[in-house]
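Visitor: What follows is a single structure, and I will ask about it in a moment.
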Amino acid sequence: MPSISFLGTGSGLPSAERFFSSAILSVDGRNLLIDAGEPCVHLLRDRGDVLQEIDAILLTHGHVDHVGGLPALLQGAMLLERTKPLTIYLPGEMVSPFRDWIRALYLTEEGLGFPLRWVAWIDQETVILGDDLSVTPYANTHLQSCYRPLPGANLSRSCDSYSLEIYHGAGRNFRAVFSGDLSSPDELKPLLADPLSVLVCELSHFSMSELAQVLKDASVGSLCLVHLSEDLAEDREYLQEKLEELLPKIGDIIIPGDGEHLDF
Ligand SMILES: [Zn+2]
């Protein structure tokens, strides 16, 4: 049975109650880490052998609240004598800087004790992760709308950010989407044409009613809301009640907390 363990469900603001974005999707004994916000290595260690058993890390984009825990995770895997190969899927523009970042922290790839592979996402190109398990990245424009540019600043660098669609099962009967961060919920529309078992969606960069407008006719078994803006995080009961009222066709609406484990 597929399951998701939510390690960090906070927003990009530091919080004493919620950690940065990270979750484990487990299917058929395979574990995918979706984003690696801090302090995911500690939370993985708390969960026993999961740190050793992660098969792949899928990074939606390079914002620090989604990737800042990566070096500590690699160091932890090295110190715990992991030997199993690890593949990190990520935006292409991040590959070279991330390899430099790891090296600057004395995490020499050849010295980790396990093979490390970096694979750049290509928009809408499906990656096979194993038997009956695949992921397809869908580019979104989140990173093009999140700067506070100074007058005259040139922000023309490429800014890759993805939502991830994950299929599992011979009949592709389990279909999950992790929104990553978005600039608008409209960016989910191409992913809502077919029924979804699970949608893990952020709610920091747009309003609850904008999201409800996009989801009102969607077929979604479970909607998990994460990465809530501060005002929404303070009143989760109101958010839950309001969304259940606005989205009667959605099977379950869940606002998971850090450490929560859900089976689907
Ligand atoms: Zn972001």
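Bear in mind these aren't lab numbers, they're just calculated from the coordinates by the rules spelled out. Values in this document were obtained by computation on a predicted structure and should not be read as measured data. Every residue, glycine among them, receives a Cβ derived from its backbone with ideal geometry; neighbour counts consider all protein chains shown.
Visitor: Net charge near residue 139, counting Lys/Arg +1 and Asp/Glu -1 over other residues with Cβ under 11 Å of its Cβ?
Guide: Net charge in that neighbourhood comes out at -4.
Visitor: Could you work out how far the C-alpha centroid of the stretch 54-101 sits from that of the stretch 195-264, in angstrom?
Guide: Cα centroid of the stretch 54-101 versus Cα centroid of the stretch 195-264: 28 Å apart.
Visitor: What ranking of 201, 159 emerges when the number of other C-beta atoms within 10 Å of each C-beta is taken as an exposure proxy, fewest first?
Guide: Starting with the residue having the fewest Cβ neighbours, the order is 159, 201.
Visitor: Sticking with this one: Which residue fluctuates the most in the chain, going by a Gaussian network model with Cα springs under 10 Å, if the choices are 233, 212, 16?
Guide: Ranking 233, 212, 16 by mean-square fluctuation puts 16 first.
Visitor: Let me ask something else about it. Give me the tail of P(r) for the stretch 200-264 as a percent: Cα-Cα pairs with distance above 14 Å.
Guide: Within the stretch 200-264, distances greater than 14 Å cover 54 percent of Cα pairs.
Visitor: Not counting the cut sites, what is the longest span of the chain without GluC sites (Glu not before Pro) that DSSP labels loop and that have at most 11 other Cβ atoms within 10 Å?
Guide: Longest site-free region, per DSSP loop and neighbour criteria: 126-233.
Visitor: Continuing with the same structure: Given only helices, namely DSSP H runs of n ≥ 4 each adding -39500 (n - 2.57), what is the per-residue ellipticity at 222 nm of the chain, to the nearest 500 deg cm²/dmol?
Guide: -6000 deg cm²/dmol
Visitor: Average the reciprocal distances over every distinct pair of alpha-carbons in the chain, invert the result, and give the Kirkwood radius in Å.
Guide: 18.8
Visitor: Using the Cα atoms of the stretch 101-234, I'd like the radius of gyration and the largest Cα-Cα distance, Dmax, both in angstrom.
Guide: Cα only, the stretch 101-234: 17.8, 53 Å (Rg, Dmax).
Visitor: From Cα pairs below 8 angstrom and at least 6 apart in sequence, can you work out the relative contact order of the chain, rounded to a whole percent?
Guide: It rounds to 17 percent for the chain.
Visitor: Scan the chain and hand back the longest stretch that contains none of the trypsin sites (Lys or Arg not before Pro) lying in DSSP loops with at most 16 other Cβ atoms within 10 Å.
Guide: Result for the longest clean stretch: 48-156.
Visitor: Normalised by the number of residues in the stretch 37-118, what is the relative contact order in percent for Cα pairs under 8 Å and 6+ residues apart?
Guide: Computed over the stretch 37-118, the figure is 34 percent.
Visitor: With equal scatterers on the alpha carbons only and no solvent term, can you work out the Debye log10 of I(q)/I(0) for the stretch 47-117 at 0.16, 0.25 1/Å?
Guide: For the requested q values the scattering log ratios are -0.53, -1.33.
Visitor: Identify which of 209, 197, 163 has the largest mean-square fluctuation in a Gaussian network model of the chain, with springs joining Cα atoms closer than 10 Å.
Guide: 209
Visitor: Taking springs between alpha-carbon atoms closer than 10 angstrom, which of 140, 31, 173 fluctuates most in the Gaussian network model of the chain?
Guide: Taking springs between Cα atoms under 10 Å, the residue moving most is 173.
Visitor: If you wrap a convex hull around the Cα atoms of the stretch 155-255, how much volume per residue is inside, in Å³?
Guide: Cα convex hull per residue, to the nearest whole number: 104 Å³.
Visitor: Rg(Cα) of the stretch 88-150 divided by 2.2 N^0.38 Å?
Guide: So the Cα radius of gyration is 1.43 times the expected 2.2 N^0.38 Å.
Visitor: For the stretch 1-58, what is the convex hull volume of its Cα atoms per residue in Å³?
Guide: Considering the Cα atoms of the stretch 1-58, their hull volume per residue is 75 Å³.
Visitor: Sticking with this structure for a sec: If the reach is capped at under 21 angstrom between alpha carbons, list the lysines near residue 189, excluding any in the same chain fewer than eight residues apart.
Guide: Filter leaves 216, 249.
Visitor: Using only alpha carbon positions, build the gyration tensor of the stretch 1-120, then give the equivalent ellipsoid semi-axes as the square roots of 5 times its eigenvalues, largest first, whole angstrom.
Guide: That gives 20, 18, 14 Å for the three semi-axes.
Visitor: If I take R0 = 41 Å and measure r between the Cβ atoms of residue 242 and residue 1 in this structure, what FRET efficiency does the formula 1/(1 + (r/R0)^6) give, to the nearest 0.05?
Guide: Calculated transfer efficiency: 0.85.
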